[in-house]
Amino acid sequence: MPEIIDLRSDTVTKPTPAMREAMYRAEVGDDVYGEDPTVNRLEALAAEKLGKEAGLFVASGTMGNLIAVLTHCQRGDEAVMGHLSHTFRSEAGGISALGSIFAHILPNQPDGTILLDDIRGAFRGSDIHHPLTRLVILENTHNRCGGTVLTEEYTRQVGDLVHGSGLKLHMDGARIFNAAAALGINARALVDPVDSVTFCLSKGLCAPVGSVLCGSTAFIDQARRIRKQLGGGMRQAGILAAAGIVALEEMVDRLVEDHRRARLLAHGLAKLSGVQLTNGEPPTNLVFVSLEANSQRTAREFAAALLLMGVGVDVVNPTTIRLALHYWIDDQAVERTLQAFKQVI
Ligand SMILES: *Cc1c(COP(=O)(O)O)cnc(C)c1O
């Protein structure tokens with residue numbers, strides 16, 4: 001049986017041969033002592049790519065977002081975020097469980113933005129009945145909204161609003177390099193207005209493990225302490241960071257290929273009866289597909305049938321599936337995926 005075409009997520013990406021080689025050769029030391037040269041190099045490189053003073057290598061995007069919120073907020077403070085955000089939906093309530101941070105949820109628009117008026121209206125005054133609003137979180141690309149891209153201009157507007165009220169802005173930039181690739185601009189411009197940003201090395205960039213949290217030197221110093229509190233201080237982590245360096249140096253510029261293949265796949269799917277594109281043409285590497293209302297099958301059943309044809313997809317809800325394009329999916333795999341859809345339909 002041929003190998004499964006795994007479109008469930010871009011997290012399934014295995015390291016490239018160049019990464020394995022770099023991992024094998026990595027110079028390492030004790031990173032809790034600050035002595036791992038490869039981790040130090042990755043953190044500096046990540047900070048430089050995002051135009052921030054400092055970086056912190058963390059185990060996952062979830063951990064990066066959690067540390068950011070715990071660094072910006074105190075117990076009982078409030079963080080404002082979208083109702084479809086990863087931090088609200090998919091991080092196991094960590095900010096509340098571990099930080100006693102109150103999540104203030106605002107509606108995400110279909111393009112992944114939150115209306116400026118909604119953000120403005122969410123800020124509380126000093127009335128003792130209210131929690132103290134401390135932080136706003138944006139997500140770029142916005143996963144659940146369809147891999148949509150927040151523009152530089154929008155992020156700047158939110159930044160001005162947030163900073164004008166003395167608050168902080170965090171960017172969940174798990175796929176920030178996909179956003180930059182889609183806009184054809186430097187990722188630095190996209191995160192210039194934010195105080196902190198997390199991005200994933202282990203998604204489209206193909207590294208096996210890890211994310212980097214970036215911000216000012218003072219912020220990262222404090223974040224480093226919180227990473228230790230959470231048990232995230234790793235030792236010879238340069239073995240992992242080495243793959244992250246290859247990810248940043250070699251895998252960023254090729255993300256446009258994943259976006260091209262997402263459109264290729266979407267165009268093919270759009271011609272089929274029985275399914276439709278949930279959000280229209282995919283802006284980045286994520287393709288969402290809805291089953292038609294009269295479908296005899298749930299998305300779960302549809303996905304199971306696709307798997308029998310050798311194609312793995314993610315089930316988002318009872319009528320929607322998601323397909324993530326990534327390094328290990330070539331044009332032929334896109335073609336085979338379309339054939340599998342035809343057979344299942
Ligand atoms: C994947 C993802 C994360 C972090 O995920 P981990 O699996 O913890 O690395 C955070 N935000 C968004 C939008 C994501 O897609």
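The values are calculated or read from the model by the stated rules, or taken from the named source; none is laboratory data. It should be emphasised that the depicted structure is a prediction, and the values quoted were computed from it without experimental measurement. Heads up, the Cβs are rebuilt from the backbone with ideal geometry, glycines too, and the neighbour counts pull from every protein chain shown. For accessibility, only protein heavy atoms count, side chains too; no ligands or nucleic acids. Shrake-Rupley method; radii C 1.70, N 1.55, O 1.52, S 1.80 Å.
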Determine the calculated [θ] at 222 nm for the chain from helices alone, applying -39500 (n - 2.57) to every DSSP H run no shorter than 4 residues and normalising by the residue count; nearest 500 deg cm²/dmol.
-> -12500 deg cm²/dmol
For region 201-274, report the convex hull volume of the alpha-carbon atoms normalised per residue, in Å³, without decimals.
-> 149
Please list, or write none, the aspartates and glutamates whose alpha carbon is within less than 19 Å of the alpha carbon of K271, excluding same-chain residues fewer than 8 places away.
-> E281, E292, D331, E335
In region 1-37, the GluC sites (Glu not before Pro) that sit in a DSSP loop and have at most 10 other Cβ atoms within 10 Å of their own Cβ are E3
For D117 paired with L272, estimate the spin-label separation in nm (one decimal), with each label point 7 Å from Cα along the Cα-to-Cβ line.
-> 4.0
Carbon + sulfur, % of accessible area of region 195-255 - ligands and nucleic acids excluded, 1.4 Å = 48
What is the Rg over Rh value, at two decimals, for region 228-345, using alpha-carbon atoms and the Kirkwood definition of Rh?
-> 1.10
Per the 1/(1 + (r/R0)^6) rule, R0 = 51 Å and r from the Cβ atoms of I4 and H130, FRET efficiency to 0.05 is 0.50
Across the chain, where is the longest run that never hits trypsin sites (Lys or Arg not before Pro) in a DSSP loop with at most 16 other C-beta atoms within 10 Å?
-> 125-234
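What translational diffusion coefficient, in µm²/s and rounded to a whole number, does the Stokes-Einstein relation yield for region 107-239 at 25 °C and a viscosity of 0.890 mPa s, taking the hydrodynamic radius as the Kirkwood radius over Cα pairs? Walk me through the numbers before you get to the answer.
Details: Rh = 16.2 Å.
Taking Rh from Cα pairs, D becomes 152 µm²/s.
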Note the angle between two axes, namely the Cα long axis of helix 37-49 and the longest principal axis of the Cα atoms of the chain, as a number of degrees from 0 to 90, rounded to the nearest 10.
-> 80
For the chain, with equal point scatterers placed on the C-alpha atoms only and solvent neglected, what are the log10 I(q)/I(0) values from the Debye formula at q = 0.06, 0.15 1/Å, to two decimals?
-> -0.22, -1.25
Crossing angle, helix 61-72 versus the chain [Cα axis fit, 0-90 degrees, rounded to tens] | 30
Set of lysines near K14 by C-alpha distance (under 19 Å), chain-local residues within fewer than 8 positions excluded = K203
Once fully extended, how much extra length lies between V12 and R300, figured as 0.36 nm per residue of separation less the alpha-carbon to alpha-carbon distance?
-> 101.7 nm
Each residue of region 183-190 in turn: what ³J(HN,Hα) in whole Hz from Karplus with 6.51, -1.76, 1.60 and θ = phi - 60°, glycine and Pro shown as x?
-> 8, x, 10, 7, 4, 4, 5, 6
Can you tell me the 0 to 90 degree angle between the C-alpha axis of helix 299-308 and the longest principal axis of the chain, rounded to 10?
-> 60
Region 114-182, accessible area per residue, ligands and nucleic acids excluded (1.4 Å, Å²) = 40
Expressed as a whole percentage, what fraction of the accessible surface of region 51-184 belongs to carbon and sulfur atoms when a 1.4 Å probe is rolled over the protein heavy atoms?
-> 52
For region 7-68, state which chymotrypsin sites (Phe, Trp or Tyr not before Pro) are in a DSSP loop and have at most 13 other beta carbons lying within 10 Å of their beta carbon.
-> none
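Taking the Cα centre of the chain as origin, work out the dipole magnitude from +1 charges on Lys and Arg Cβ and -1 charges on Asp and Glu Cβ, in debye rounded to 20. Don't skip to the answer; put the middle values down first.
Values: 33 positive and 39 negative charges, 125 e Å.
So the magnitude is around 600 debye.
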